[in-house]
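Since the structure comes first, as structure tokens, the remarks are kept for the end.
The values are calculated or read from the model by the stated rules, or taken from the named source; none is laboratory data. Everything quoted here is computed from the prediction, not taken from an experiment. Heads up, the Cβs are rebuilt from the backbone with ideal geometry, glycines too, and the neighbour counts pull from every protein chain shown.
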Amino acid sequence: MLLAMKRTKISLLVLAGVAGLGVTALTQNKQPVPASVASGFNTIREDALRADLTFLASDALEGRMSLQTGDAVAIQWIASEFAKAGLQPAANGSFLEPVELIEYRGDREHSYVALKRGGSEKQWKFPEAFGSYHSDVDVTADVVFAGFGITAPELHYDDYQGIDARGKIVLIFDHEPQETDPASIFNGTGNTRYATGRVKILNAEEHGAVGVLMVAEPNRKHPSNQERIARIGGSATRAVPLPSQALVEDALHTPAAIVSDAVGKELLATAGATPSELQAGIDRDLKPQSRALPETQVTLHYRNSSVTTGRTYNLAGLLEGSDPKLKAETILFSGHHDHDGISGDQIWHGADDNGSGTVGVVRLAHAFAANASQGEKPKRSLLFVVFAAEERGLLGSFYMAAHPLRPLETTRAVVNFDMIGRNETESDQTKGLVEIPADTTNRLNLIGASYSPDYDRTVVQENKYVGLDLDYRFDREYALNIFFRSDQFPFVLHNIPSFWWFTGFHPDYHHTTDTADKINYGKMAKILRLAYLTGYRFANEAAPPKFVANPGGHGTGQIN
């Protein structure tokens, strides 16, 4: 996702090949796998993947909606498979780590954002202003404009410089500065960790803000996030909206709203510059344009039609390492088990998203356990995790990152599977925004390579045994927010080398037609074989991959 014209990125591209082309050329003649890993490698078979995924994405599991019966069945199935594989329960003697959630449905008719200025008040409701919160809330405060809402001391950039956000509502632009500039310190044309809304809201909290308003950048070269989501269709636009969910225990506790361009323009009417001029000023020389907005007081008024609580589970099983010292370190394999459920007689089956990743973690657990039974146990420990409530905002992975089952500081790599079963094809979401190769039948997208060239180097080396076409396009795009959209991201925020393994979008994404019969099981098996070999290397090599905290900034920024 992240590209900058720096030495680390240039060396990565030389190694990996632009858009995977170099890797393709390097991997035409596959080599036989070493005998020491062959037992587990050979257990990864298409027939087993098909059987597991046909069950997991069947009508009987009703789309595996978080907190619903179908997902509870999936949870029990995963736990039983971990037990069959011989893994150790990793969550206080259980395979299940409880995750407490609040589920709520926002009342759009009675929720609004209001502006008070010059003795009058104006209100906006959905879709001009959209926000929700897990309890009814009224927040009224003066507004300050805080640029892109970013504080990045290592880049000598701070949108909060010179303003006081304490007790205020902050208005910020989405994304980040200079995102169309390949030489930007914000990692060129790829997103950095600072571009995501959660990070921006947490930063606003740290500066004392009591609310956040977010508007798409006025000079953007892509659809706004709301426009992008609407293009997906399917569950994103179904008649009865999906419920929202939030962690009971979460560092994020500030209400926020997304507002339209027109609302943003009106809010900034007293800024002394147009929204376009404000962004242009930031993009020009990365100097903050933040300022108080005179006569601008906003109220965030949110109401819910229902609020309930419930418990779901992350699944976690451990294969302890064989080395007395290195077994304290962890290689983590992950996916998520939930999807978008059922509405009337429509079922969102979620075969690719993310039945494929769930089955992938389960099959890898069996593969590593089978190899260990032959006396080839990895030196570092392997943790197999299937997260809860990813579709509701990466809730399970954010929970585990905040409540780790093994220390994060000794977690050496995360291999995250989310949608590893299809051939990438054009869809309404991606049309005109990302170039898709003509043939994707053998192609795997790797997301996060900018943050760990070491990790990528290992994948490339092990690919000589598998022969996939490796692709890094999504590390160089800014329109689809790919970098933030799966469960590797909370671990990236903790400086852990973490890749999302992903076969790309297709027209069935988040539609009822994402079914098991459309999976490319041959490619899925190859991806899991590559992950198996890569995981063994991570577990056994003397020097695990390093993390690059700031791939687009000055120097390498490596962290051990």
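Values as computed for the structure displayed
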read-out: Hey, Ile258 closer than 28 Å to Pro490 by Cβ, in a strand (DSSP E or B) and outside the structural domain of Leu96 (by TED's automatic domain parsing) or not; value: yes
read-out: Residue identified as surrounded by 14 or more Cβ atoms within 10 Å (Cβ to Cβ) and assigned to a loop (DSSP other than H, G, I, E, B) among Val73, Val33, Val113, Val99; value: Val33
read-out: Neighbours by Cβ (under 7 Å, 6+ apart or cross-chain): first from region 205-233, in the same structural domain as Glu266 (by TED's automatic domain parsing) and among the β-branched types (Val, Ile, Thr); second modelled with pLDDT under 90 and surrounded by 15 or more Cβ atoms within 10 Å (Cβ to Cβ); value: Ile229/Ala236
read-out: Residue that is nearest to Phe387 (Cα to Cα) [pool: residues in region 401-437 that are of a type in the set (Asp, Glu) and touching a His at 6+ places or on another chain (Cβ under 8 Å)]; value: Asp418
read-out: Where a residue in region 462-491 is in contact (Cβ under 8 Å) with a residue 12 or more places away in the chain and over 26 Å from Asn540 (Cα atoms) and its partner, wherever it lies, is crowded, with 24+ Cβ neighbours inside 10 Å and among the hydroxyl-bearing types (Ser, Thr, Tyr), with Cβ under 7 Å and at least six apart; value: Asp475/Ser450
read-out: Residue within region 159-167 that is farther than 28 Å from Thr308 by Cβ, of a type in the set (S, T, N, Q) and part of a loop (DSSP other than H, G, I, E, B) present; value: yes
read-out: Pick from region 72-103, criterion charged (D, E, K, R) and touching a strand residue (DSSP E or B) at 6+ places or on another chain (Cβ under 6 Å), ranking: farthest from His336 (Cα to Cα); value: Glu103
read-out: Selected residue (only one of Gly190, Gly197, Gly167, Gly208 is within 18 Å of the chain's Cα centre (by Cα) and either surrounded by fewer than 21 Cβ atoms within 10 Å (Cβ to Cβ) or at pLDDT 95 or above (or both)); value: Gly197
read-out: Filtered residues of region 202-217 (kept if more than 18 Å from Glu477 (Cα to Cα), in contact with a strand residue (DSSP E or B) (Cβ under 9 Å, 6 or more places away or on another chain) and not in a helix (DSSP H, G or I)); value: His207, Ala209, Val210, Gly211, Val212, Leu213, Met214, Val215
read-out: So Ile527, is it outside any loop (DSSP other than H, G, I, E, B) and either surrounded by fewer than 24 Cβ atoms within 10 Å (Cβ to Cβ) or touching a residue at least 40 places away in the same chain (Cβ under 8 Å) (or both); value: yes
read-out: Residues of region 170-185 satisfying the condition of being assigned to a loop (DSSP other than H, G, I, E, B) and either in contact (Cβ under 8 Å) with a residue 40 or more places away in the chain or surrounded by fewer than 20 Cβ atoms within 10 Å (Cβ to Cβ) (or both); value: Asp174, His175, Pro177, Gln178, Glu179, Thr180, Asp181, Pro182, Ala183, Ser184, Ile185
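Here's the yes/no breakdown for (1) within 27 Å of Val99 (Cα to Cα); (2) surrounded by fewer than 24 Cβ atoms within 10 Å (Cβ to Cβ):
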residue: Ala372; (1), (2): no, yes
residue: Glu376; (1), (2): no, yes
residue: Pro407; (1), (2): yes, yes
residue: Ile420; (1), (2): yes, no
residue: Glu424; (1), (2): no, yes
residue: Gly448; (1), (2): yes, no
